[in-house]
Amino acid sequence: MSLLLQDVRKSYREPDGSPLPVLNIARFEVKPAEQVALIGQSGGGKTTLLNVISGITSPDSGLVQVDGVDITRLHEVSRDRFRAERIGIVFQTFNLLPAFSALENVLLGMTFSSRVDRKYARNLLEQVGLSHRLNHRPGQLSVGEQQRVSVARALANRPKLMLADEPTASVDMAHQDTILSLLRTACSENNVSLLLVTHSPEVSSQFERVEELTAFNKPEAAA
């Protein structure tokens with residue numbers, strides 16, 4: 001199993017100190033190499049869920065198992081290294097470093113693990129159609145090209161699980177299908193499981209498996 005969540009709960013505190021339940025998930029799983037679209041409205045807990053899965057945020061309780069490892073049992077430093085080595089993340093805002101080239105941004109994605117492979121980084125950029133833009137900085141790239149760099153960077157450490165947070169939100173409709181196809185193809189070719197969150201029915205309709213967050217996140221727990 002690439003991902004297994006069981007009895008996961010997460011709450012925050014309101015200004016008056018009262019609890020604000022966000023996640024209350026009995027069970028959710030993603031199989032190896034499976035691609036899943038998770039749909040939900042803004043404020044429904046999607047980003048919190050991704051942060052819990054990636055270990056950026058700790059749940060209040062429950063099991064979060066990625067590639068057979070319960071990350072809730074890892075210390076912070078071990079959890080950060082585990083995330084760097086086994087989880088790829090594609091952000092809707094790209095998070096590329098503006099002073100570095102496309103190739104350097106992908107290589108930087110490798111520095112958090114022990115594997116820095118320049119040839120593989122170049123191959124990833126070629127795979128996403130940017131062999132002619134290796135030395136261009138983000139400011140010299142189109143929005144669609146920047147998103148392609150972020151996909152290559154997310155694959156840099158050969159992750160077992162890819163998390164994509166509204167990856168088409170920052171591109172226009174003309175490039176939405178291109179980015180989505182690119183992401184899905186890259187995951188398929190690299191045997192990476194994909195969990196993509198979106199509020200767009202047009203995006204989710206392209207997946208064989210679509211889950212609504214409210215279907216396994218109890219209604220009373222939604223943010």
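Results for (1) among the aliphatic types (A, V, I, L, M); (2) part of a strand (DSSP E or B); (3) in contact with an Asp or Glu (Cβ under 9 Å, 6 or more places away or on another chain), shown as yes or no for each residue.
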| site | (1), (2), (3) |
| --- | --- |
| ASP7 | no, yes, no |
| TYR12 | no, yes, no |
| PRO15 | no, no, no |
| VAL22 | yes, yes, no |
| ARG27 | no, yes, yes |
| GLY43 | no, no, no |
| VAL64 | yes, yes, yes |
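Residues of region 124-137 being surrounded by fewer than 21 Cβ atoms within 10 Å (Cβ to Cβ) and in contact (Cβ under 8 Å) with a residue 40 or more places away in the chain, which ones?
Step one: of region 124-137, the residues surrounded by fewer than 21 Cβ atoms within 10 Å (Cβ to Cβ) are 126-127, 129, 131-137.
Scanning region 124-137 gives GLN127, GLY129.
Taking the condition part of a loop (DSSP other than H, G, I, E, B), within 23 Å of LEU180 (Cα to Cα), touching a helix residue (DSSP H, G or I) at 6+ places or on another chain (Cβ under 8 Å) and not polar (S, T, N, Q), does ALA33 pass? Please lay out each step first, then the result.
On the way: part of a loop (DSSP other than H, G, I, E, B): yes; within 23 Å of LEU180 (Cα to Cα): yes; touching a helix residue (DSSP H, G or I) at 6+ places or on another chain (Cβ under 8 Å): yes; not polar (S, T, N, Q): yes.
It is true that ALA33 is part of a loop (DSSP other than H, G, I, E, B), within 23 Å of LEU180 (Cα to Cα), touching a helix residue (DSSP H, G or I) at 6+ places or on another chain (Cβ under 8 Å) and not polar (S, T, N, Q).
Identify all residues within region 86-119 that are at pLDDT 90 or above, farther than 30 Å from SER42 by Cβ and surrounded by fewer than 21 Cβ atoms within 10 Å (Cβ to Cβ); write none if there are none.
Passing the criteria: ALA99, PHE100, SER101, LEU103, GLU104, LEU107, ARG118, LYS119.
Return the residue satisfying two criteria in turn: it lies in region 45-62 and is in a helix (DSSP H, G or I) and among the aliphatic types (A, V, I, L, M), and of such residues it is nearest to THR168 (Cα to Cα).
Filtering region 45-62 for residues in a helix (DSSP H, G or I) gives 46-54.
Filter again for among the aliphatic types (A, V, I, L, M), leaving 49-50, 52-53.
Details: LEU49: 19, LEU50: 16, VAL52: 22, ILE53: 21 Å.
Within region 45-62, the match that is nearest to THR168 (Cα to Cα) is LEU50.
Just give me the residues in region 108-148 being in a helix (DSSP H, G or I) and among the charged types (D, E, K, R), in sequence order.
Keep residues of region 108-148 that are in a helix (DSSP H, G or I), which gives 108, 118-127, 138-140, 143-148.
Correct list: ARG118, LYS119, ARG122, GLU126, GLU145, ARG148.
Provide a single number: the residues in region 66-77 that are part of a strand (DSSP E or B) and either of a type in the set (Val, Ile, Thr) or closer than 18 Å to GLY45 by Cβ (or both). Before you say what the answer is, go through the steps one by one.
As a first pass, look at region 66-77 and keep what is part of a strand (DSSP E or B): 66, 69-70.
When the remaining residues are screened for being either of a type in the set (Val, Ile, Thr) or closer than 18 Å to GLY45 by Cβ (or both), the result is 66, 69.
Residues flagged as part of a strand (DSSP E or B) and either of a type in the set (Val, Ile, Thr) or closer than 18 Å to GLY45 by Cβ (or both) within region 66-77 amount to 2.
Tell me the helices (runs of 4 or more DSSP H) entirely within region 149-223 that contain at least 3 residues that are in contact (Cβ under 8 Å) with a residue 60 or more places away in the chain and within 20 Å of ARG122 (Cα to Cα). Quick ask: steps written out before the conclusion?
Working: elements: 173-189, 201-204, 213-216.
So the answer is 173-189.
The values are calculated or read from the model by the stated rules, or taken from the named source; none is laboratory data. Treat the numbers as computed from the prediction; the structure is a model and nothing was measured. With ideal geometry, Cβ positions are generated from the backbone for all residues, glycine too; neighbour counts draw on all protein chains shown.
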